[in-house]
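Only one structure is covered here, and it is reproduced in the block below.
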Amino acid sequence: MGIESLIIMLVIGAVAGWLAGQIVSGYGFGLVGNIIVGILGAVIAGLIFPRIGFMTSGGILAAIIHAAIGAIILLLLLRLVKRA
């Protein structure tokens with residue numbers, strides 16, 4: 001993985017984490033936390049979506065949407081665990 005790929009992954013993770021934090025109100029973790037949530041969300045979405053037959057085409061916008069959906073799932077799971 002080159003430095004460009006790492007930077008793109010961090011930017012996509014940051015945007016997706018921020019977007020997920022805005023959609024799931026009250027769950028913002030700051031810049032670093034949003035990057036981590038976005039990257040973990042992308043991993044979660046990458047594992048779940050192909051198994052249910054949902055695939056997104058290439059491109060940065062598709063990657064952001066994909067990661068944001070996974071990050072929303074992660075934030076909702078964190079909300080459930082925190083309430084329990």
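The values are calculated or read from the model by the stated rules, or taken from the named source; none is laboratory data. Keep in mind that what you see is a predicted model, and the values were worked out from it rather than measured. Cβ: placed from backbone, ideal geometry, glycine included. Neighbour counts: every protein chain shown.
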Here's a check for you: in region 44-59, which residue that is in contact with a helix residue (DSSP H, G or I) (Cβ under 7 Å, 6 or more places away or on another chain) and among the β-branched types (Val, Ile, Thr) is surrounded by the fewest Cβ atoms within 10 Å (Cβ to Cβ)? Thr56
Taking the criterion of being touching a His at 6+ places or on another chain (Cβ under 7 Å) and at pLDDT below 80, would at least one residue in region 44-59 satisfy it? yes
Quick check on my filter: what residues within region 10-43 are in a helix (DSSP H, G or I) and at pLDDT below 80? Gly30, Leu31, Val32, Gly33, Asn34, Ile35
Single match in Leu77, Leu40 (criterion: loosely packed, with under 13 Cβ neighbours inside 10 Å and out of contact with any Pro (no Cβ under 9 Å at 6 or more places or on another chain)): Leu77
Please go through region 2-35 and give me each residue that is without any contact (Cβ under 8 Å) to a residue 12 or more places away in the chain and closer than 14 Å to His66 by Cα, ordered by number. Val11
State whether the residues of region 51-59 include one that is of a type outside the set (S, T, N, Q) and in contact (Cβ under 8 Å) with a residue 12 or more places away in the chain. no
